[in-house]
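The values are calculated or read from the model by the stated rules, or taken from the named source; none is laboratory data. What you see is a predicted model; the values in this text were computed from it and never measured. Cβ: placed from backbone, ideal geometry, glycine included. Neighbour counts: every protein chain shown. With ligands, DNA and RNA removed, areas are computed over all heavy atoms of the protein, side chains included. Shrake-Rupley method; radii C 1.70, N 1.55, O 1.52, S 1.80 Å.
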Amino acid sequence: MDIMTGAGLVAGLIVIATMVFLGGDISMFMSDHAAIIIFGGSAAATMIRFPLSALAHGLPLGMKFAFTMSRLSAHDLVDELARIAEIARKQGPVGLEKVETDEPFLAKGIRYVADGYDLDFIRDNLERDRDNFLLHLNEGSKIYRAVGDCAPAFGMIGTLIGMVQMFSNMSDPSKLGPFMATALLATLYGALVANLLCLPIADKLHGKLIDEETNRTLIIDGILMIRDSKSPTLVREMLLAYLPEKHRHAEGEPVPA
């Protein structure tokens, strides 16, 4: 689990709640009118921007990856692929049938090699799988960014509506306070939705997308080298090129050839 996402949200909510309770009662900050304009308006605008298929894939995948980490880091994947290459060299493709891994994409590649598929089939299927996954993850990032962009705008719309209602009832002073509160709460809700939730998640997903693209491309190259019967040392050295220079030899020596 990516604890930083959850910790950041909790910390943000604590800060907001502290300011609310220091200044009065929480009921002062509750407004169904403001919630309708922010959440309803943002949802409507997002539905206009994106097709249903993108929303169906992007929203749940984005939320999942905002709160989870990859099972294996890039350096762990290099070690894992070198280990698998050693097994394939000693036992042949049949030996890979008993190999277990926590990374589903890597497990699929191992299964292809164990089943004896040719290089082109393995490359085409793994690259297609990677590209489809990255497409959906990118859609998730765009959707959350779109909500983050339009939520403050709908907050301003809610503020304008509240101001119109307030000025239309200047003859009744008792209505001025509630209309002004609704106007200000719409701006508050829009700012919170955008800056505490949607925009940070969009940025987090963009970073996860870059990491996943690197990891999955690394897996594809490693699986293809294993299918081509390359030595474990060569597999490791070739895949270390995906890592920053300072991390390439952070752990033990390469698997002996």
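Quick notes
- Once the Cα atoms are used to define both axes, helix 3-23 deviates from the longest principal axis of the chain by about 10 degrees.
- Translational diffusion of the chain, µm² s⁻¹ [Kirkwood Rh, Cα pairs; Stokes-Einstein; 25 °C; 0.890 mPa s]: 113 µm²/s
- Accessible surface of the chain [probe 1.4 Å, protein heavy atoms]: carbon and sulfur percent: 64 percent
- Separation of the stretch 143-181 from the stretch 90-116 is 59 Å, based on Cα centroids.
- Centroid-to-centroid separation of the stretch 192-220 and the stretch 17-62 [C-alpha atoms, Å]: 21 Å
- Highest-MSF residue in the chain out of Pro178, Pro244, Pro200 [GNM, Cα springs under 10 Å]: Pro244
- A helix-only calculation puts the chain at -24500 deg cm²/dmol for mean residue ellipticity at 222 nm, using -39500 (n - 2.57) for each DSSP H run of at least four residues, averaged over all residues.
- Relative to the longest principal axis of the Cα atoms of the chain, the long axis of helix 119-168 lies at roughly 10 degrees.
- Accessible solvent surface per residue of the chain, calculated while the other protein chains remain in place, 1.4 angstrom probe, Å²: 55 Å²
- In terms of the mean number of neighbouring beta-carbon atoms within 10 Å, the peptides 51-59, 105-113 order highest first as 105-113, 51-59.
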